[in-house]
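The following block contains the structure, expressed as structure tokens.
All of the numbers you see were taken from the coordinates with simple rules; none came from a lab. Fair warning: this is a prediction, and the values are worked out from it, not measured in the lab. Ideal geometry is used to build each Cβ from the backbone, glycine not excepted, and the neighbour counts take in all protein chains shown.
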Amino acid sequence: MRSDEPPQSGASEPIGPDPDPVAPEPGPTDRCRRRESPRHGVPVVVAVVAVGGSLGALARFGASLLWPTPAGAFPWTTLTVNAAGCLAIGVLLVAVTEALTALPLLRPFLGTGFLGGFTTFSTYCVDVERLVAADRAATALVYLVATVAAALAAVTAGARGTRRLLAHRSAS
């Protein structure tokens, strides 16, 4: 069958979402998927994410108060906050999927909640728009690339460093 043809009836491709909302236990190559504890329902997880997100947004706001970015200047605060959040998410995801699996609400609280509220793609976009509006398109382009590069490097460093630390601890 060509890729542009619709599947024929009786095809083995799923038609809708999986009726079982609980993902299977992660295998060795699927570290990001986790089964949430059956003792915690959706309202508890939503509340945990909301509390974490509020705290993360407050932390980001605090960083902007401590290190304000003047109009038209390079947005170092947002870049630093986003890179720090990516470093933390690299550490967190390895920790909660490989070491702290007994704490099922930690990932939604810290990952989705706190770090989701702390890092800020929307401010990143507004910063780029403000730099372009201030006729600083070259700076905006550098900021666009630097943020993506810093984020990818930070999450990679966090994940690798945490895996090394966990391997060292288990070898000891």
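Below 8 Å, C-alpha to C-alpha, sequence gap of six or more: please give me the relative contact order for region 42-171 in percent.
Contact order relative to length: 40 percent.
Arrange the following residues from fewest to most other Cβ atoms within 10 Å of their Cβ: Leu55, Leu103.
Leu103, Leu55
If you average the alpha carbon positions of region 70-87 and of region 93-111, how far apart do those two centres end up, in angstrom?
If we compute the Cα centre of each part, the gap is 26 Å.
If neighbour count is taken as other Cβ atoms inside 10 Å, put Leu93, Leu100 in order from fewest to most.
So the residues, fewest neighbours to most, are Leu100, Leu93.
Here's another thing I want to ask about it. Set Lys and Arg Cβ to +1 and Asp and Glu Cβ to -1, take the dipole of region 42-171 about its Cα centre, and tell me which of Leu92, Leu110, Thr80 lies farthest positive.
Leu92
Only counting other Cβ atoms within 10 Å, I'd like Cys86, Cys125 sorted with the fewest neighbours first.
Cys125, Cys86
Rank Val148, Pro43, Ala171 by how far each Cα sits towards the positive end of the charge dipole of region 42-171 (+1 on Lys, Arg Cβ; -1 on Asp, Glu Cβ) and give me just the farthest.
Ala171
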